[in-house]
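First the structure, in the form of structure tokens, and then the observations on it.
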Amino acid sequence: MTLKLLPIAALGITLLSLSAEASREDFRQHRQRTRIREGVRSGELTRPEARHARQDQRKIQGLENRLENARASGNEKKADRLENKIEKVQDRASRRLYKNKHDDDSRPYSGAEHSPGDDHGGNSSNNSTPQSPVAPSTPGSATGQ
């Protein structure tokens, strides 16, 4: 009886490891997309940098689709190679994104934040210079007497 359960247990362990690997890849993809969105909103990524980052993510998604096909066809050797390649491409994309977000290139106006003095519209309360907490007293004002 226990000998019959052994292959079923092995299959279960294999499926769990495959789903864990898939969820790790999905998590990395989700995190990268979030980092790209945040970089665009904050102005840390220029439009070309964001476009390249999105291209990297599409390439990774294509590799993941090929990996699913290899697993479905039972080609474990090809699946292993694709897993390694996906990890390398994800690492490279992550390093590039970090580098681009932390370089000196930035968009002058991202839409999410507005710097005082910019002529790009936005929140008009940000267009004025910051006021000191205590207004200076002037002769004849109620605060000075």
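FYI, it's all coordinate maths here, none of it is from the lab. Note that the structure is a prediction, hence the values are computed from the model and not measured. We place every Cβ from the backbone using ideal geometry, glycine too, and count neighbours over all the protein chains shown.
Structure data summary
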quantity	calculated
Cα→Cβ-extended label distance, 7 Å offset, between GLN55 and ARG92, nm	1.3 nm
Reciprocal mean inverse distance between Cα atoms of segment 12-106 - Kirkwood radius, Å	14.2 Å
Length released on extending from SER42 to ARG107, taking residue separation times 0.36 nm less the Cα-Cα span	22.5 nm
